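Notes for the one structure printed next.
Nothing in this text is a laboratory measurement; each read-out follows from the coordinates by a stated rule. Bear in mind that the values here come from a model prediction, so they are computed numbers and not experimental data.
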Amino acid sequence: MRLRARENGPWVVEVPPGARVFWRGEEVKLAKPGLALCRCGWSGDKPFCDGSHKEAGFVAPGGVLELVEGIDFGKGRQDEGAR
Ligand code: FES
């Protein structure tokens, strides 16, 4: 799993093709292959980025956080969908 921090912007989770995303038991329809999560605190649609970081003047470095082993994301995804 890779989380990419956009410079001066959100965390972006790379979502594999065909993967389904759920938030509070509801499926999230993605307009893009990546899921942008707010890290500036100004989004009106948390945990998702709504672009407010630009108006807020959020400044932070970009980078990549990569989780390589030891986490079973598949089980959690099934549990979320069952709610
Ligand atoms: S990072 Fe985009 S609204 Fe917070």
Query raised in the report: Per the helix-only calculation at 222 nm, which mean residue ellipticity applies to the chain, given -39500 (n - 2.57) for every DSSP H run of n ≥ 4 and division by its residues, nearest 500 deg cm²/dmol?
Result: -4500 deg cm²/dmol
Report task. For segment 2-73, state the semi-axes of the equivalent ellipsoid (square roots of 5 times the eigenvalues of the alpha-carbon gyration tensor), sorted largest first and rounded to whole angstrom. Result -> 22, 16, 10
